[in-house]
Amino acid sequence: MTLLEDDSAPSGDYMKEGVVKTVKQRGGWLLVFFFGLILAAVVVERFEEVLKEEVELSYFVPLLIGHGGNTGSQSVATVIRAIALGHVTPRNIFFVLRKEIAAGF
């Protein structure tokens with residue numbers, strides 16, 4: 001079984017796929033992103049006093065958030081392409097994670 005044969009993979013016909021199925025397929029990832037955002041909020045809150053004293057630092061927060069989003073989008077696109085071409089299999093998951101995490105920093 002490959003990643004593309006997984007039952008959670010979309011059926012391929014976007015126009016025929018219902019909203020409930022789409023939500024079920026994306027739900028896990030949305031939860032991961034939600035907890036990531038909560039973690040980011042906790043980090044910002046932890047440095048609240050520093051941000052109050054050095055207001056200039058707060059100008060960079062949107063820049064960092066945007067950069068993180070762009071980096072994530074590039075990683076996702078690259079990995080999805082590799083999966084589609086058969087270059088990545090479930091056996092490669094830890095290699096892919098290490099590589100993308102390193103590239104994101």
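Would you look at the GNM of the chain, springs on alpha carbons closer than 10 Å, and say which of Ile38, Ile65, Ile83 moves the most?
Ile38
Can you find, among Gln25, Val55, Gly86, the residue sitting farthest towards the positive end of the charge dipole of the chain, where Lys and Arg contribute +1 and Asp and Glu -1 at Cβ?
Result: Gly86.
Short version: ³J(HN,Hα) in whole Hz for each residue of the range 45-53, in order, from phi by Karplus 6.51 cos²θ - 1.76 cosθ + 1.60 (θ = phi - 60°), x for Gly and Pro, what are they?
Coupling constants for the range 45-53: 5, 5, 9, 4, 5, 5, 5, 5, 6 Hz.
Taking the Cα-to-Cβ direction at Val19 and at Ser73 and moving 7 Å from each Cα, how far apart do the two end points lie in nm?
2.6
Hey, how much of the P(r) for the range 23-71 falls beyond 11 Å, as a percent of Cα pairs?
Summing the P(r) tail past 11 Å for the range 23-71 gives 74 percent.
I need the calculated FRET efficiency for the pair Leu63 and Asn92, taking r as the beta carbon distance and R₀ as 41 Å, to the nearest 0.05.
It comes to 0.80.
How far is the Cα center of the range 17-33 from the Cα center of the range 52-77, in Å?
Value for the Cα centre distance between the two parts: 25 Å.
Which whole-number value in Å³ per residue fits the convex hull of the alpha carbons of the chain?
Cα convex hull per residue, to the nearest whole number: 136 Å³.
Return one whole number: the accessible area per residue of the chain in Å², for a 1.4 Å probe.
It amounts to 89 Å² per residue over the chain.
The values are calculated or read from the model by the stated rules, or taken from the named source; none is laboratory data. Keep in mind the model is a prediction, meaning the values are calculated, not measured. Don't worry about glycine lacking a Cβ; one is built from the backbone with ideal geometry, like all the others, and counts go over all protein chains shown. These accessible areas exclude ligands, DNA and RNA; they are computed on the full protein's heavy atoms, side chains included. Shrake-Rupley method; radii C 1.70, N 1.55, O 1.52, S 1.80 Å.
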